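Take a look at the structure below.
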Amino acid sequence: MAVRFRKRLLARESYEACSVFDVNNDGIPDIVSGAFWYEGPDFIRRHKICDVMPVNEYFDDFSDFPLDVDGDGWLDIVTGGWWGETLRWRKNSGRSETPWDTYDIDTCGNIETIRYHDIDGCGVPEVFPNTPGGPTRAYKLITDAHGDGTGRFQKWILHPSPSGHGLGFGDLNGDGRTDVILAGGWLEQPAVHPEQTPWQFHPEFNLGSASVPILAHDVNRDGYMDLIVGHAHDYGLFWMEQRVGEGDHLERTWIPHSIDPSVSQFHDLQLADIDRDGELELITGKRYRAHNDGDPGAHDPIGLFYYKIGDGQFEKYVIDWGDPAVASGAGIYFWLHDLTGNGYPDVVAPGKEGLYLFENLGVS
(Lines give C-alpha, C1' and ligand atoms only; values in the text may rest on other atoms or scores of the structure.)
Protein backbone atom coordinates (compact mmCIF):
# COMPACT_ATOMS: atom_id res chain seq x y z
CA MET A 1 0.00 0.00 0.00
CA ALA A 2 1.30 3.46 -0.91
CA VAL A 3 2.19 6.19 1.57
CA ARG A 4 0.16 9.40 1.31
CA PHE A 5 1.76 12.83 1.66
CA ARG A 6 0.48 16.38 2.16
CA LYS A 7 2.69 18.92 0.35
CA ARG A 8 3.43 22.43 1.63
CA LEU A 9 5.56 25.12 0.01
CA LEU A 10 7.43 26.88 2.82
CA ALA A 11 9.55 29.31 0.79
CA ARG A 12 10.64 30.08 -2.76
CA GLU A 13 14.28 30.75 -1.81
CA SER A 14 16.63 28.50 -3.75
CA TYR A 15 18.85 27.11 -1.00
CA GLU A 16 19.69 23.46 -1.70
CA ALA A 17 20.29 22.10 1.82
CA CYS A 18 18.20 21.85 4.97
CA SER A 19 17.96 20.19 8.37
CA VAL A 20 15.56 19.78 11.28
CA PHE A 21 16.50 20.52 14.89
CA ASP A 22 15.37 22.52 17.91
CA VAL A 23 16.96 25.88 17.13
CA ASN A 24 15.55 27.90 20.05
CA ASN A 25 15.55 25.18 22.74
CA ASP A 26 11.78 25.27 23.24
CA GLY A 27 11.43 21.50 22.81
CA ILE A 28 9.83 21.81 19.35
CA PRO A 29 11.75 20.91 16.17
CA ASP A 30 12.36 23.69 13.65
CA ILE A 31 13.41 23.65 9.99
CA VAL A 32 16.68 25.23 8.87
CA SER A 33 17.60 26.02 5.27
CA GLY A 34 20.29 28.40 4.08
CA ALA A 35 19.93 31.87 5.54
CA PHE A 36 16.73 31.16 7.50
CA TRP A 37 15.14 28.97 10.12
CA TYR A 38 11.42 28.24 10.26
CA GLU A 39 9.85 28.03 13.69
CA GLY A 40 7.92 24.89 14.58
CA PRO A 41 5.38 23.53 14.92
CA ASP A 42 3.72 25.34 11.98
CA PHE A 43 6.92 26.64 10.22
CA ILE A 44 5.18 29.87 9.20
CA ARG A 45 7.31 32.34 11.16
CA ARG A 46 10.86 32.48 9.87
CA HIS A 47 14.01 34.05 11.27
CA LYS A 48 17.21 35.20 9.62
CA ILE A 49 20.35 33.27 10.51
CA CYS A 50 22.90 35.26 8.52
CA ASP A 51 23.71 36.27 4.97
CA VAL A 52 24.82 33.41 2.70
CA MET A 53 27.08 34.13 -0.26
CA PRO A 54 25.22 33.93 -3.61
CA VAL A 55 27.15 32.70 -6.67
CA ASN A 56 25.40 32.73 -10.04
CA GLU A 57 22.23 30.73 -9.32
CA TYR A 58 23.64 28.96 -6.26
CA PHE A 59 24.27 29.76 -2.63
CA ASP A 60 27.53 28.70 -0.98
CA ASP A 61 25.71 26.50 1.53
CA PHE A 62 25.58 22.78 0.76
CA SER A 63 24.98 21.54 4.31
CA ASP A 64 23.07 22.78 7.38
CA PHE A 65 24.00 20.04 9.83
CA PRO A 66 23.18 20.52 13.55
CA LEU A 67 26.08 20.09 15.98
CA ASP A 68 26.80 21.81 19.30
CA VAL A 69 30.29 22.85 18.25
CA ASP A 70 31.15 25.05 21.24
CA GLY A 71 29.38 23.06 23.96
CA ASP A 72 27.06 25.84 25.13
CA GLY A 73 23.89 23.74 24.91
CA TRP A 74 22.64 25.35 21.68
CA LEU A 75 22.86 23.43 18.41
CA ASP A 76 24.98 25.20 15.81
CA ILE A 77 25.30 24.54 12.06
CA VAL A 78 28.21 23.00 10.13
CA THR A 79 28.28 24.09 6.50
CA GLY A 80 30.42 24.66 3.44
CA GLY A 81 30.14 25.09 -0.31
CA TRP A 82 31.85 24.82 -3.63
CA TRP A 83 32.96 28.41 -4.16
CA GLY A 84 34.04 29.41 -0.67
CA GLU A 85 36.30 26.32 -0.51
CA THR A 86 35.98 26.50 3.27
CA LEU A 87 34.44 24.27 5.92
CA ARG A 88 32.60 26.50 8.42
CA TRP A 89 30.32 26.53 11.44
CA ARG A 90 27.67 29.04 12.40
CA LYS A 91 27.22 29.77 16.11
CA ASN A 92 23.63 29.70 17.30
CA SER A 93 23.08 33.14 18.84
CA GLY A 94 20.34 31.87 21.13
CA ARG A 95 18.14 34.81 20.15
CA SER A 96 15.56 34.70 17.38
CA GLU A 97 16.43 38.06 15.82
CA THR A 98 20.19 38.11 16.45
CA PRO A 99 22.43 37.08 13.51
CA TRP A 100 24.64 34.04 13.90
CA ASP A 101 28.42 34.47 13.65
CA THR A 102 30.29 32.24 11.20
CA TYR A 103 33.70 30.71 11.93
CA ASP A 104 36.11 28.94 9.58
CA ILE A 105 37.15 25.38 10.40
CA ASP A 106 39.53 24.81 7.48
CA THR A 107 40.18 25.83 3.90
CA CYS A 108 39.84 22.48 2.13
CA GLY A 109 38.99 23.22 -1.51
CA ASN A 110 35.73 22.95 -3.42
CA ILE A 111 33.10 21.19 -1.30
CA GLU A 112 30.48 19.22 -3.25
CA THR A 113 28.56 18.67 -0.02
CA ILE A 114 29.29 17.33 3.48
CA ARG A 115 28.31 14.17 5.28
CA TYR A 116 28.59 13.20 8.93
CA HIS A 117 29.33 9.85 10.53
CA ASP A 118 30.56 8.72 13.95
CA ILE A 119 33.44 6.79 12.47
CA ASP A 120 35.23 6.09 15.78
CA GLY A 121 32.22 5.37 18.01
CA CYS A 122 32.79 8.38 20.27
CA GLY A 123 29.13 9.42 20.19
CA VAL A 124 29.77 12.60 18.16
CA PRO A 125 29.73 12.43 14.34
CA GLU A 126 32.89 13.33 12.46
CA VAL A 127 32.64 15.81 9.57
CA PHE A 128 33.48 14.55 6.05
CA PRO A 129 33.48 17.20 3.29
CA ASN A 130 33.36 15.67 -0.18
CA THR A 131 36.10 17.59 -1.99
CA PRO A 132 36.34 15.86 -5.40
CA GLY A 133 39.70 17.38 -6.32
CA GLY A 134 41.26 17.03 -2.90
CA PRO A 135 42.14 14.29 -0.43
CA THR A 136 39.62 12.40 1.69
CA ARG A 137 39.48 14.22 5.01
CA ALA A 138 37.64 13.92 8.31
CA TYR A 139 37.28 16.55 11.01
CA LYS A 140 36.81 15.38 14.58
CA LEU A 141 35.24 17.77 17.06
CA ILE A 142 37.56 18.17 20.04
CA THR A 143 35.57 17.76 23.26
CA ASP A 144 36.40 18.54 26.88
CA ALA A 145 36.36 16.24 29.90
CA HIS A 146 32.55 16.41 29.99
CA GLY A 147 32.20 15.49 26.32
CA ASP A 148 31.18 19.00 25.31
CA GLY A 149 32.43 20.66 22.15
CA THR A 150 35.28 23.15 22.39
CA GLY A 151 34.84 24.93 19.04
CA ARG A 152 37.98 23.24 17.68
CA PHE A 153 38.47 20.33 15.29
CA GLN A 154 41.21 17.79 14.62
CA LYS A 155 41.83 17.01 10.94
CA TRP A 156 42.58 13.53 9.58
CA ILE A 157 43.76 12.92 6.01
CA LEU A 158 42.43 9.43 5.33
CA HIS A 159 43.72 9.23 1.76
CA PRO A 160 45.93 11.78 -0.03
CA SER A 161 44.71 11.26 -3.61
CA PRO A 162 41.70 13.14 -5.04
CA SER A 163 38.55 11.65 -3.54
CA GLY A 164 36.28 12.10 -6.57
CA HIS A 165 32.55 12.92 -6.65
CA GLY A 166 30.83 10.62 -4.17
CA LEU A 167 31.04 9.64 -0.50
CA GLY A 168 29.49 7.07 1.80
CA PHE A 169 29.98 4.83 4.82
CA GLY A 170 29.58 1.13 5.54
CA ASP A 171 31.33 -2.04 6.69
CA LEU A 172 32.17 -3.43 3.26
CA ASN A 173 34.45 -6.29 4.34
CA GLY A 174 32.51 -7.48 7.39
CA ASP A 175 35.22 -6.78 9.97
CA GLY A 176 32.92 -4.74 12.22
CA ARG A 177 34.52 -1.39 11.35
CA THR A 178 32.96 1.32 9.21
CA ASP A 179 34.77 1.99 5.95
CA VAL A 180 34.58 5.08 3.73
CA ILE A 181 33.21 4.68 0.21
CA LEU A 182 34.43 6.86 -2.66
CA ALA A 183 33.53 7.01 -6.34
CA GLY A 184 36.61 5.01 -7.35
CA GLY A 185 36.82 2.49 -4.53
CA TRP A 186 36.73 2.25 -0.75
CA LEU A 187 38.98 3.07 2.19
CA GLU A 188 39.42 0.33 4.79
CA GLN A 189 39.31 1.53 8.38
CA PRO A 190 42.46 0.37 10.19
CA ALA A 191 42.18 -2.09 13.04
CA VAL A 192 43.87 0.11 15.64
CA HIS A 193 42.20 3.52 15.38
CA PRO A 194 40.76 5.79 12.68
CA GLU A 195 43.56 8.29 13.32
CA GLN A 196 46.01 5.72 11.94
CA THR A 197 46.30 7.16 8.43
CA PRO A 198 46.39 6.77 5.50
CA TRP A 199 43.68 4.15 5.23
CA GLN A 200 44.16 1.30 2.75
CA PHE A 201 42.48 2.08 -0.58
CA HIS A 202 40.71 -0.65 -2.56
CA PRO A 203 40.11 0.56 -6.16
CA GLU A 204 37.43 -2.03 -6.90
CA PHE A 205 34.87 0.00 -8.87
CA ASN A 206 34.31 3.26 -10.75
CA LEU A 207 30.96 4.92 -9.98
CA GLY A 208 31.51 8.12 -11.99
CA SER A 209 29.97 11.31 -10.59
CA ALA A 210 28.26 9.42 -7.80
CA SER A 211 25.62 10.54 -5.36
CA VAL A 212 26.50 11.93 -1.96
CA PRO A 213 25.90 9.73 -0.12
CA ILE A 214 26.69 6.38 -1.69
CA LEU A 215 24.57 4.06 0.45
CA ALA A 216 25.84 0.76 1.86
CA HIS A 217 23.01 -1.77 2.26
CA ASP A 218 22.65 -5.54 1.91
CA VAL A 219 20.14 -5.30 -0.92
CA ASN A 220 19.74 -9.02 -1.68
CA ARG A 221 20.21 -10.21 1.93
CA ASP A 222 23.13 -12.51 1.14
CA GLY A 223 25.24 -11.26 4.05
CA TYR A 224 27.43 -8.95 1.97
CA MET A 225 27.10 -5.18 1.93
CA ASP A 226 26.06 -3.81 -1.46
CA LEU A 227 26.03 -0.21 -2.72
CA ILE A 228 23.10 1.96 -3.81
CA VAL A 229 24.24 4.82 -6.04
CA GLY A 230 22.72 7.61 -8.08
CA HIS A 231 24.25 9.37 -11.05
CA ALA A 232 24.46 12.86 -9.58
CA HIS A 233 24.92 14.60 -12.94
CA ASP A 234 23.46 12.17 -15.46
CA TYR A 235 20.58 9.72 -15.82
CA GLY A 236 20.27 6.67 -13.64
CA LEU A 237 19.94 5.07 -10.23
CA PHE A 238 21.58 1.67 -9.69
CA TRP A 239 22.95 -0.79 -7.16
CA MET A 240 26.23 -2.66 -7.07
CA GLU A 241 26.03 -6.25 -5.87
CA GLN A 242 29.04 -7.38 -3.85
CA ARG A 243 30.24 -10.89 -4.51
CA VAL A 244 33.12 -12.60 -2.74
CA GLY A 245 34.86 -15.76 -3.92
CA GLU A 246 35.04 -18.95 -1.88
CA GLY A 247 37.89 -20.93 -0.39
CA ASP A 248 41.29 -19.52 -1.25
CA HIS A 249 39.81 -17.18 -3.87
CA LEU A 250 38.36 -14.32 -1.85
CA GLU A 251 38.44 -11.78 -4.65
CA ARG A 252 35.69 -9.18 -4.27
CA THR A 253 33.71 -8.15 -7.35
CA TRP A 254 30.86 -5.71 -7.89
CA ILE A 255 27.98 -6.39 -10.30
CA PRO A 256 25.86 -3.38 -11.44
CA HIS A 257 22.05 -3.55 -11.52
CA SER A 258 19.77 -0.77 -12.76
CA ILE A 259 17.06 0.62 -10.45
CA ASP A 260 15.68 3.58 -12.39
CA PRO A 261 17.24 4.83 -15.64
CA SER A 262 14.44 7.33 -16.37
CA VAL A 263 15.46 10.22 -14.09
CA SER A 264 18.66 12.28 -13.94
CA GLN A 265 20.57 14.04 -11.15
CA PHE A 266 20.04 11.66 -8.22
CA HIS A 267 22.36 13.61 -5.91
CA ASP A 268 21.07 12.76 -2.41
CA LEU A 269 19.77 9.37 -1.20
CA GLN A 270 18.52 8.15 2.17
CA LEU A 271 17.29 4.90 3.69
CA ALA A 272 14.37 4.97 6.12
CA ASP A 273 11.25 3.01 7.01
CA ILE A 274 8.96 5.49 5.28
CA ASP A 275 5.80 3.29 5.59
CA ARG A 276 6.55 1.68 8.99
CA ASP A 277 6.43 -1.88 7.67
CA GLY A 278 9.68 -2.81 9.40
CA GLU A 279 11.74 -2.62 6.19
CA LEU A 280 13.96 0.20 4.95
CA GLU A 281 12.92 2.05 1.81
CA LEU A 282 15.12 4.13 -0.50
CA ILE A 283 14.08 7.80 -0.60
CA THR A 284 15.55 10.07 -3.25
CA GLY A 285 14.69 12.39 -6.12
CA LYS A 286 16.00 14.63 -8.81
CA ARG A 287 18.13 17.60 -7.84
CA TYR A 288 16.73 20.44 -9.93
CA ARG A 289 19.33 21.99 -12.25
CA ALA A 290 22.29 20.59 -10.34
CA HIS A 291 24.69 22.24 -12.80
CA ASN A 292 22.12 24.85 -13.75
CA ASP A 293 21.29 23.74 -17.32
CA GLY A 294 24.48 21.75 -17.92
CA ASP A 295 23.42 18.20 -17.00
CA PRO A 296 21.51 15.67 -19.09
CA GLY A 297 17.83 15.92 -18.22
CA ALA A 298 18.12 19.43 -16.84
CA HIS A 299 14.79 20.45 -18.39
CA ASP A 300 12.89 17.27 -17.54
CA PRO A 301 10.14 17.31 -14.90
CA ILE A 302 11.42 16.94 -11.36
CA GLY A 303 10.27 14.60 -8.65
CA LEU A 304 10.65 12.98 -5.26
CA PHE A 305 10.29 9.20 -4.90
CA TYR A 306 10.58 6.24 -2.60
CA TYR A 307 11.43 2.68 -3.64
CA LYS A 308 10.53 -0.58 -1.94
CA ILE A 309 13.82 -2.48 -2.10
CA GLY A 310 12.36 -6.00 -2.28
CA ASP A 311 15.65 -7.96 -2.33
CA GLY A 312 16.76 -5.99 -5.37
CA GLN A 313 13.46 -5.60 -7.27
CA PHE A 314 13.01 -1.89 -6.33
CA GLU A 315 9.35 -0.93 -6.74
CA LYS A 316 8.96 2.83 -7.34
CA TYR A 317 6.39 5.12 -5.66
CA VAL A 318 5.99 8.78 -6.58
CA ILE A 319 5.80 11.36 -3.78
CA ASP A 320 5.84 14.33 -6.17
CA TRP A 321 6.38 14.80 -9.90
CA GLY A 322 5.90 17.61 -12.37
CA ASP A 323 6.96 21.03 -13.56
CA PRO A 324 9.50 22.79 -11.27
CA ALA A 325 7.02 25.66 -10.87
CA VAL A 326 4.81 23.39 -8.76
CA ALA A 327 6.80 20.23 -7.96
CA SER A 328 9.82 19.44 -5.79
CA GLY A 329 12.96 17.38 -6.14
CA ALA A 330 15.42 16.29 -3.46
CA GLY A 331 18.01 19.10 -3.54
CA ILE A 332 21.56 18.41 -2.45
CA TYR A 333 20.72 17.63 1.19
CA PHE A 334 17.12 16.80 2.13
CA TRP A 335 16.00 15.76 5.60
CA LEU A 336 13.71 13.14 7.15
CA HIS A 337 12.04 13.78 10.51
CA ASP A 338 8.68 13.04 12.12
CA LEU A 339 7.46 16.61 12.52
CA THR A 340 3.78 15.80 13.10
CA GLY A 341 4.22 13.17 15.80
CA ASN A 342 2.31 10.42 13.99
CA GLY A 343 5.31 8.10 13.90
CA TYR A 344 5.93 8.43 10.16
CA PRO A 345 9.01 10.32 8.88
CA ASP A 346 8.17 13.49 6.98
CA VAL A 347 10.33 14.81 4.14
CA VAL A 348 11.82 18.31 4.04
CA ALA A 349 13.00 18.96 0.49
CA PRO A 350 15.06 22.03 -0.48
CA GLY A 351 16.27 23.08 -3.92
CA LYS A 352 16.37 25.77 -6.56
CA GLU A 353 12.61 25.18 -6.96
CA GLY A 354 11.97 26.16 -3.31
CA LEU A 355 11.69 24.63 0.16
CA TYR A 356 8.91 22.04 0.55
CA LEU A 357 7.54 20.01 3.43
CA PHE A 358 5.90 16.66 2.66
CA GLU A 359 3.89 15.54 5.68
CA ASN A 360 3.73 11.75 5.80
CA LEU A 361 0.11 10.75 6.39
CA GLY A 362 0.83 7.03 6.51
CA VAL A 363 -0.38 4.22 4.27
CA SER A 364 -3.75 4.40 2.53
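The values are calculated or read from the model by the stated rules, or taken from the named source; none is laboratory data. Computed from a predicted structure; not experimentally measured. Using ideal geometry, Cβ is built from the backbone for each residue, glycine included, and neighbour counts are taken over all protein chains shown. Side chains included, ligands, DNA and RNA excluded: accessible areas come from the protein's heavy atoms. Shrake-Rupley method; radii C 1.70, N 1.55, O 1.52, S 1.80 Å.
Where strands (runs of 3 or more DSSP E) sit wholly within the range 52-151, those with at least 3 residues that are open to solvent by less than 50 Å² (accessible area, probe 1.4 Å) occupy 65-67, 76-80, 86-91, 113-117, 126-130, 136-143. Give all pairs with beta carbons closer than 7 Å in which a residue from the range 157-181 that is farther than 15 Å from P198 by Cβ meets a residue that is open to solvent by 50 Å² or more (accessible area, probe 1.4 Å); count only pairs at least 6 apart in sequence or on separate chains. Correct list of pairs: H165/S209; F169/H117; G170/M225; D171/R177; D171/M225; L172/M225; T178/H117.
Report yes if some residue within the range 173-196 is open to solvent by 10 Å² or more (accessible area, probe 1.4 Å), at pLDDT 95 or above, over 23 Å from E251 (Cα atoms) and not in a strand (DSSP E or B); otherwise report no. No; the residues of the range 173-196 include none that is open to solvent by 10 Å² or more (accessible area, probe 1.4 Å), at pLDDT 95 or above, over 23 Å from E251 (Cα atoms) and not in a strand (DSSP E or B). Restricting the range 255-293 to residues that are small (G, A, S) and in contact (Cβ under 8 Å) with a residue 60 or more places away in the chain leaves a set whose member that is surrounded by the fewest Cβ atoms within 10 Å (Cβ to Cβ) is A272.
Every listed requirement among (1) in contact with a Lys or Arg (Cβ under 6 Å, 6 or more places away or on another chain); (2) open to solvent by 50 Å² or more (accessible area, probe 1.4 Å) is met by S161 save one, (1). Would you pick out the residues in the range 36-51 that are out of contact with any Pro (no Cβ under 9 Å at 6 or more places or on another chain), exposed (fewer than 13 other Cβ atoms within 10 Å of the Cβ) and not charged (D, E, K, R)? Within the range 36-51, I44 is the sole residue that qualifies. Evaluation of V55 against the conditions (1) in contact with a Pro (Cβ under 7 Å, 6 or more places away or on another chain); (2) over 16 Å from L355 (Cα atoms) shows that the sole unmet condition is (1).
Scanning the range 206-225 for residues that are buried (at least 22 other Cβ atoms within 10 Å of the Cβ), of a type in the set (A, V, I, L, M, F, W, C) and either assigned to a loop (DSSP other than H, G, I, E, B) or modelled with pLDDT under 95 (or both) returns L207, V212, V219.
With respect to the conditions (1) open to solvent by 20 Å² or more (accessible area, probe 1.4 Å); (2) farther than 26 Å from T113 by Cα, G362 lacks only one, and its number is (1). Among the residues of the range 1-23, those identified as under 30 Å from G310 (Cα atoms) and either crowded, with 16+ Cβ neighbours inside 10 Å or among the aliphatic types (A, V, I, L, M) (or both) are M1, A2, V3, F5, K7, A17, C18, S19, V20. Within the range 315-337, being under 16 Å from A272 (Cβ atoms) and open to solvent by less than 50 Å² (accessible area, probe 1.4 Å) holds for Y317, I319, A330, Y333, F334, W335, L336. I need every pair where a residue in the range 206-229 that is closer than 16 Å to T178 by Cα has its Cβ under 6 Å from the Cβ of a residue that is of a type in the set (F, W, Y) and crowded, with 21+ Cβ neighbours inside 10 Å, sequence separation at least 6 or different chains. Cβ pairs passing all conditions: D226/W239. Restricting to the range 1-39, name every residue that is within 25 Å of R115 (Cβ to Cβ), part of a loop (DSSP other than H, G, I, E, B) and not β-branched (V, I, T). Across the range 1-39, the qualifying residues are E13, S14, Y15, E16, C18, D22, P29, G34, A35. Filtered by the rule that a residue be more than 22 Å from the chain's Cα centre (by Cα) and either farther than 26 Å from R289 by Cα or modelled with pLDDT under 95 (or both), the range 47-73 gives H47, N56, D70, G71, D72, G73.
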